[in-house]
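To start, the structure itself, in structure tokens.
The values are calculated or read from the model by the stated rules, or taken from the named source; none is laboratory data. All values reported here derive from a predicted model rather than from experimental measurement. Cβ sites come from the backbone with ideal geometry, for glycine too, and all protein chains shown count toward neighbours. The protein model used for the area step is the full one, side chains on, heavy atoms only, and it has no ligands, DNA or RNA in it. Shrake-Rupley method; radii C 1.70, N 1.55, O 1.52, S 1.80 Å.
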Amino acid sequence: MVPTAGLHFGSRFIVDEEVHDWLPSSWIGNIKNVKEFAGILAFDKWTGNADGRQVVFHKKRSQRKYRAAFIDFGYCFNAAEWNFLDSPLRGAYARQEVYAHIESWSDFEPWLSRIERCSTAILQSIARDIPIEWYGERHDLDFLLDSLFERCRTVRRLIDDFRNSPRNPFPNCKLGSVAGTSSEHIRDLAAIIPAPG
């Protein structure tokens with residue numbers, strides 16, 4: 001198909017590497033960035049990804065370990081609906097072995113604190129680069145940005161809902177209070193957010 005003239009979205013394609021869309025459970029230890037599954041879970045909960053997390057694993061033939069590349073963000077914001085139908089299992093990867101390392105809220109850092117600190121100014125600066133042809137009405141985009149800003153404070157609870165699901169995704173977990181006032185959370189934030197001055 002010949003594309004029409006104008007702006008188009010493109011994404012990088014992994015070439016000249018060994019690529020798999022699924023790895024056996026026994027290979028999970030061969031994923032060099034397995035801890036990033038916690039970060040992408042936080043992102044998917046924030047953006048209301050209504051699909052399961054999609055991943056491809058790749059490595060050069062000379063390498064021993066695979067790298068997880070997180071793909072397919074098409075169902076964030078519930079696809080074209082631009083709303084948030086939260087459910088504990090949405091946005092999660094199908095193989096819970098990738099979450100086995102999660103023991104505390106600190107395992108979601110630095111991603112979770114970055115989301116929780118996201119300001120409307122940051123969201124607006126990102127939105128400025130989106131061509132209007134891709135979203136139609138400005139008020140729709142503004143509503144989405146306002147919703148994302150409001151959701152910054154709910155990500156921890158959404159992760160906790162997933163943790164408490166029958167799936168039991170974090171078997172080694174000792175997560176503290178979800179209210180965001182636990183001493184562990186305050187200690188984690190203090191380590192990440194530099195002191196003023």
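Some observations on this one:
- Total lysine pairs under 26 Å (Cα atoms) in the chain, excluding pairs fewer than 8 apart on one chain: 11
- Within the accessible surface of the chain, defined with a 1.4 Å probe on protein heavy atoms only, the carbon and sulfur portion equals 56 percent.
- Projected over every direction and averaged, the convex hull enclosing the alpha-carbon atoms of the chain yields 14.4 nm².
- Solvent-accessible area per residue for the chain (1.4 angstrom probe, square angstrom): 59
- Extension gain for residue 167 to residue 54 (0.36 nm times residue separation, less C-alpha to C-alpha distance): 38.9 nm.
- Among the GluC sites (Glu not before Pro) within segment 54-113, those in coil by DSSP and having at most 16 neighbouring Cβ atoms inside 10 Å are 103.
- In a DSSP loop and with at most 13 other Cβ atoms within 10 Å, the trypsin sites (Lys or Arg not before Pro) in segment 79-138 are 117, 128.
- Centre separation in Å (Cα based) which lies between segment 1-28 and segment 58-137: 17
- D_trans [Stokes-Einstein, Kirkwood Rh over alpha-carbon pairs] for segment 1-66, 10 °C, 1.306 mPa s, µm² s⁻¹: 108
- Of the chymotrypsin sites (Phe, Trp or Tyr not before Pro) found in segment 10-93, the ones in coil according to DSSP and having at most 16 other Cβ atoms within 10 Å of their Cβ are 13, 22, 73, 82.
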